[in-house]
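Below: one structure, written as structure tokens.
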Amino acid sequence: MVIHSAKTILDTIQAVKGAKVVITTHHKPDADAMGSSLGLRQFLMRIGCSVTLITPTDYASFLKWMKGEADTIVFEDQVETATAITQAADFIFCLDFNQLSRINEFGDVVGNAKALKILIDHHQYPQGFEDFTYWDDKASSTCELVYRFIQEAGMSDLIDTDTAACLYTGIVTDTGSFRFNSCSSTTMRIAADLMDKGINHSSIFDSVYDSFSESRVKFIGYAISQKLEVLPEYNTALITINHEELKRFNITTGDTEGLVNYGLSIEGIRFAVLIIDRSKLVKMSFRSKGQFAANVFAMNHFNGGGHFHAAGGSSTASLEDTIEQFKTALISYKDQLHG
Ligand code: 5GP
Ligand code: MN
């Protein structure tokens with residue numbers, strides 16, 4: 001795979017006066033997806049582009065403070081408008097995903113658009129639908145990559161406080177607050193540069209982690225005390241949530257984020273799984289420690305993917321059947337999970 005330089009990509013964009021740019025990111029965008037998209041949007045607007053962020057679906061309310069967020073078009077709410085803007089675009093940036101299936105029905109619109117497509121991403125196994133690739137699966141986050149993209153082009157001066165706040169947020173969340181292996185010394189230097197742009201890092205942390213609704217906190221307590229199952233023979237912890245429970249606790253987009261991690265905080269657990277019945281699909285989140293590849297498991301059994309230690313997948317079977325399939329799939333990993 002050819003990795004393009006920031007200069008090559010920006011020269012191409014700047015050759016088109018007032019270039020029309022669409023930025024998109026994966027469905028149910030998280031902080032890295034929204035932070036990188038809105039951070040890049042501010043930057044591209046500053047170099048004279050006209051930029052629209054189109055997300056496939058909605059996103060958590062704790063991200064709604066980010067600069068420019070209110071201008072976002074949600075594809076599933078405004079299919080015609082989003083399609084027209086995408087068809088007229090000169091360039092489409094695809095951030096924090098690398099397979100068109102990750103943007104749902106919007107994938108066909110992006111795939112068929114005449115625009116040149118630019119990928120900025122840190123997930124493994126890119127599909128290769130794009131024209132320009134800015135990719136590094138060792139990067140902590142897409143926010144880190146957007147920073148490196150701007151810095152490599154020699155334009156870090158164009159990162160203002162609001163842009164820095166967007167990029168910092170995705171770095172914090174995708175590194176688990178600077179604790180995952182993916183957090184390198186480069187990541188720390190970038191975070192420091194972003195702090196020097198005048199962000200209030202403590203208030204960002206507050207917005208993201210200390211802004212839960214009462215019912216979300218009670219839901220977490222319920223899930224851990226009533227729904228957590230430990231499978232000691234596989235060093236695995238599992239939480240399953242049905243549709244009635246989502247309704248009972250009034251769970252909305254983003255409220256289940258982070259829940260899967262509680263399983264991993266038990267001593268000896270190497271693999272943690274969250275299985276949620278989302279009506280149309282059963283969604284699964286996988287987290288692992290050590291040598292166990294969560295993304296390979298997700299890919300092999302649940303039509304998914306992601307990172308080595310953090311991946312996701314889905315199933316069209318019922319919740320009960322999916323749980324059974326999961327437990328059956330585990331059997332052949334017994335040695336790996338004990339190794
Ligand atoms: P989460 O569990 O937070 O939804 O996702 C964890 C990681 O796995 C993220 O990096 C996300 O992009 C990836 N991921 C989640 N669900 C899927 C999926 O269905 N397919 C693929 N390819 N990746 C996924
Ligand atoms: Mn990410």
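The values are calculated or read from the model by the stated rules, or taken from the named source; none is laboratory data. What you see is a predicted model, and the numbers here were worked out from it, not measured in a lab. Every residue, glycine among them, receives a Cβ derived from its backbone with ideal geometry; neighbour counts consider all protein chains shown. With ligands, DNA and RNA removed, areas are computed over all heavy atoms of the protein, side chains included. Shrake-Rupley method; radii C 1.70, N 1.55, O 1.52, S 1.80 Å.
Mean residue ellipticity, 222 nm, helices only, the chain: the sum of -39500 (n - 2.57) across DSSP H runs of n ≥ 4, divided by residue count and rounded to 500, is -12000 deg cm²/dmol. Over all pairs of different C-alpha atoms in segment 4-86, the reciprocal of the mean inverse distance, the Kirkwood hydrodynamic radius, equals 13.4 Å. Counting only the Cα atoms, segment 214-338 fills a convex hull of 96 Å³ per residue. If you take the Cα centroid of segment 250-294 and the Cα centroid of segment 42-79, the two points sit 27 Å apart. Sparse packing (at most 14 other Cβ atoms within 10 Å of the Cβ) combined with a DSSP loop state is found for the following GluC sites (Glu not before Pro) in segment 249-321: GLU267.
Find out how many positive minus negative residues lie around LYS280, taking Lys and Arg as positive, Asp and Glu as negative, among other residues whose Cβ is under 14 Å from that of LYS280. Value of the local net charge: 0.
Applying a DSSP loop filter and a limit of 13 other Cβ atoms within 10 Å to the trypsin sites (Lys or Arg not before Pro) in segment 18-64 leaves LYS64.
About its Cα centre, segment 6-209 has a charge dipole of approximately 320 debye under the convention of +1 per Lys or Arg Cβ and -1 per Asp or Glu Cβ, with nothing else charged. Along its three principal directions, the equivalent ellipsoid of segment 157-227 from the Cα gyration tensor extends over semi-axes of 29, 16, 7 Å, largest first. Hey, what D do you get for segment 77-230 in µm²/s if you plug the Kirkwood alpha-carbon radius into Stokes-Einstein at 37 °C and 0.692 mPa s? My calculation gives 184 µm²/s for D. Where the alpha-carbon atoms of segment 1-152 are placed on the principal axes, they occupy 35, 33, 29 Å, in descending order. Counted over all Cα-Cα pairs of segment 48-91, pairs farther apart than 12 Å make up 63 percent. Of the solvent-accessible surface of the chain, computed with a 1.4 Å probe over protein heavy atoms with every protein chain present, carbon and sulfur atoms account for 49 percent. In this structure, the residue pairs whose Cα-Cα separation is over 31 Å, taken from LYS7/LYS197; LYS197/LYS289; LYS280/LYS327; LYS117/LYS247, are LYS197/LYS289; LYS117/LYS247. Beta-bridge orientation, the chain: approximately 40 percent antiparallel, per DSSP, counting only bridges with both partners inside.
Computed over protein heavy atoms with a 1.4 Å probe, the accessible surface of the chain works out to 44 Å² per residue. The C-alpha atoms of the chain occupy a region whose extents along the principal axes are 60, 41, 40 Å, arranged from largest to smallest. In terms of Cα atoms, the Rg and Dmax of segment 201-250 work out to 14.3, 42 Å. Sorting 309-315, 299-305 by average packing, meaning the other beta carbons within 10 Å per residue, from highest down gives 309-315, 299-305. Residues of segment 69-104 with an amide N closer than 13 Å to a point placed 7 Å from the Cα of ASP58 along the Cα-to-Cβ direction: 74-78. The calculated Kirkwood hydrodynamic radius for segment 74-146 is 12.7 Å, given to one decimal from all distinct C-alpha pairs.
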